[in-house]
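Enquirer: One structure, as C-alpha cells, below. Some questions next.
Derivation of every value follows stated rules applied to the coordinates shown; laboratory data play no part. In this text the structure is predicted, and so the values were computed from the model without any measurement. Heads up, the Cβs are rebuilt from the backbone with ideal geometry, glycines too, and the neighbour counts pull from every protein chain shown.
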Amino acid sequence: MAAKIIDGKLIASQITEEIKKELKLHNNVKPGLALILVGNNPASEIYVKMKEKKCAELGYQSIVNRLSEKITEAELLAHIRTYNNNSKIHGILIQLPLPKHINEMNVLEAVDYKKDVDGFHPVNAGRLMIGEQCFTPCTPAGIHELLKRYRVDTSGKNAVVIGRSNIVGKPIANILLQKSKGANCTVTVTHSATENITEFTKKADIIIAAIGQPEFLKGTMVKKGVVIIDVGINRVDDPDTPKGYKVVGDVDYINCAKKASMITPVPGGVGPMTIAMLMKNTLDSALKKIYN
Ligand code: NDP
C-alpha cells in the first residue's frame, strides 16, 4: 500500500485559520514580532521575507531590522535590548546564521526568554528538556503537531532522530521523550559519528531526518510501516528544471515512500509548519499564555 502523505501545507493552513479565530476572540491584541537580519545571506533574506509576509497576512506588527554584516556584537546586543524593552514587541527572532565575528550564544541569550519565540534561549531549551511550559523551537514544534494531527501512534514506539543540532535534532528528541500526547517514545539520537546508522533506522517505527544531506535516508535503511518525517531542505543541481536546481529533502522519497506507512514530502511537509509555529508562538506570547 502506498504511504499516506503527511501534508504540512494543509496543517499549516489549518493552524493559520486557528490563529485568525483566536485573534478575533481577542480583538484588542496585535502581536508584534521583531525580525533581526544581519548581513546579506540570500537564504536568510528569503526566510525573513516569508515571515514578514505571514505577519502581514495575520495582521501582526512586524519590524524587520536589517543590520550590516560589519555590526559589532555590542551594537547588535543593544538592538536586542531595545526590543526586550518594547511592550508592543512580543517576539524577537534573530535570523541565523550570524557573521563569524559574533558569538551566537551571547546573542541568543540576550533575547528576553519571555519573547524568545524561536525557543533558542537556554531557559527555554532547559525548560523543554524538563518538560515545563516554554517556547518550543518552531521546526520541532511543527513536527510534533504533524504527528499529533495525523494521529501517529507514538507511545512506546522506537523513534530515531538523525541529526543532533540545537535547532532540530536535540529539541525534537526531547519532545518525543516527554510523557505526553504525540510523544512518549523510546528515542535514539544518531549523528555523524554514529557507527552503522542503518542498524538503528531499520528498527525505527518513526524516523526524523534532520541531517542536511540530500536523500541520505535510503529505502534499504528503513523497515516496512515506518513513519518518516523529512526535515531536510537541500538544493541540488537539476539541468531539467528552468532554475537549474531542485529542492530535495534528507530522505530518498521515492524509495522510502514504498515502505513507509506515512511520510512528509519536500517541499510541503515540515517547511510550512515552521512559520506557522512561529506565528503561534508569537500569538501565545502576546496573549501571555507561556509566561506572564
Ligand atoms: P545542522 O547542520 O546544524 O546539523 C546536522 C546534523 O546532522 C548534525 O548533528 C550532524 O552530525 C548530522 N549529520 C550530518 N551528516 C551526517 C551523516 N552522514 N550521518 C549522520 N548524521 C549526520 O543542520 P540542521 O539541524 O540545522 O538542519 C538539518 C536539515 O534540516 C537541513 O537540511 C536544513 O536545511 C533543514 N532545516 C529545515 C527546516 C525547515 O523549516 N523545514 C528548519 C531547519 C533546518 P554532527 O553533530 O556529528 O556534525
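Enquirer: Would you please name the residue that is farthest from the ligand (Cβ to nearest atom), looking only at residues in segment 227-253 that are assigned to a loop (DSSP other than H, G, I, E, B) and surrounded by 14 or more Cβ atoms within 10 Å (Cβ to Cβ)?
Expert: By that ranking, first place goes to ASP252.
Enquirer: Determine the pairs where a residue that is without any contact (Cβ under 8 Å) to a residue 24 or more places away in the chain, located within segment 184-204, has a partner that is surrounded by 15 or more Cβ atoms within 10 Å (Cβ to Cβ) and of a type outside the set (Ser, Thr, Tyr) with Cβ atoms under 8 Å apart, the partner being 6 or more residues away or on another chain.
Expert: THR194/PHE200; THR198/MET221; LYS202/MET221; LYS202/VAL222
Enquirer: Which residues, counting only those in segment 215-226, are away from the ligand (no atom under 16 Å from the Cβ) and hydrophobic (A, V, I, L, M, F, W, C)?
Expert: Passing the criteria: only VAL226.
Enquirer: Can you pull out every residue in segment 254-282 that is surrounded by fewer than 24 Cβ atoms within 10 Å (Cβ to Cβ), more than 16 Å from LEU10 (Cα to Cα) and not polar (S, T, N, Q)?
Expert: Within segment 254-282, ILE254, ALA257, LYS258, LYS259 qualify.
Enquirer: Within segment 114-148, track down each residue that is surrounded by 16 or more Cβ atoms within 10 Å (Cβ to Cβ), touching a residue at least 24 places away in the same chain (Cβ under 8 Å) and not hydrophobic (A, V, I, L, M, F, W, C).
Expert: Scanning segment 114-148 gives LYS114, LYS115, ASP116, ASP118, GLY119, THR136, PRO137, THR139, PRO140, GLY142, HIS144, GLU145.
Enquirer: Inspect all residues belonging to segment 58-68 and state whether any of them is in contact with a strand residue (DSSP E or B) (Cβ under 8 Å, 6 or more places away or on another chain) and touching a residue at least 60 places away in the same chain (Cβ under 8 Å).
Expert: From segment 58-68, those in contact with a strand residue (DSSP E or B) (Cβ under 8 Å, 6 or more places away or on another chain) are 60-68; that's our starting set.
Now drop any that are not touching a residue at least 60 places away in the same chain (Cβ under 8 Å), which leaves 60.
Yes.
Enquirer: GLY156: of a type in the set (Gly, Ala, Ser), farther than 27 Å from GLN14 by Cβ and away from the ligand (no atom under 11 Å from the Cβ), yes or no?
Expert: yes
Enquirer: Would you say LEU177 is within 16 Å of the ligand (Cβ to nearest atom) and among the hydrophobic types (A, V, I, L, M, F, W, C)?
Expert: When the stated conditions are applied, LEU177 does not pass them.
Enquirer: When only residues in segment 254-281 that are within 16 Å of the ligand (Cβ to nearest atom) and hydroxyl-bearing (Ser, Thr, Tyr) count, which is nearest to LYS30 (Cα to Cα)?
Expert: Only one residue tops the list, namely THR274.
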